[in-house]
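Just so it is clear, none of the values below were taken in a lab; they were calculated from the coordinates. Because the structure is a prediction, the values reported are computed rather than measured. Note that we place each Cβ from the backbone using ideal geometry, even for glycine, and neighbour counts take in every protein chain shown.
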Amino acid sequence: MGTPAAPPTSAASEAWLLMSRLLRENRGPFFAACAEERLSPPQVMALQLLEPAIPTPMSDLAGLMHCDNSNVTGIVDRLEARGLVTRRPATHDRRIKHLLVTDEGAAVRARLVAQLSEPPEPLLRLSTAEQRQLRDLLRKALG
């Protein structure tokens, strides 16, 4: 067996480990939503990151997803085949492809956002005041 993990060295380290555990232990609804919509996790992530009615360059989506442009191409190919997004050349530079969420894509995205914004049971155990405090702290941390 390996050496036991060292305890966190700071409150920030412990908070980060606890947030990671919360996400890891409550990822079931995410995978259920993916299966329900017949989309892969990267496709769901991409659809969540694309704002309906706002053209997004494919390279920007790759940056938001922290992956290569070539990976995004495959993800977008499958979203486009499902009729959830379209690609259009940018007016100022035809080499740049903008992604637009279709009406069907916006409907799927809205269902996903609604389903995935449901808090997991551990957060529901917190009082309303504690939930607000956690929200406010996370907002502050995220700037």
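Observations on the model:
- Estimated at 0.36 nm per residue, the fully extended path between D93 and S127 surpasses their Cα-Cα distance by 7.1 nm.
- Neighbours of R95 by Cβ distance under 13 Å: Lys/Arg scored +1, Asp/Glu scored -1, total +3.
- Length added when fully stretched, A12-L134, from 0.36 nm per residue minus Cα-Cα: 42.5 nm
- Segment R111-L22, length gained on full extension (0.36 nm per residue, minus Cα span): 29.8 nm
- In Å, descending, principal axis extents of the Cα set of the chain: 52, 35, 33
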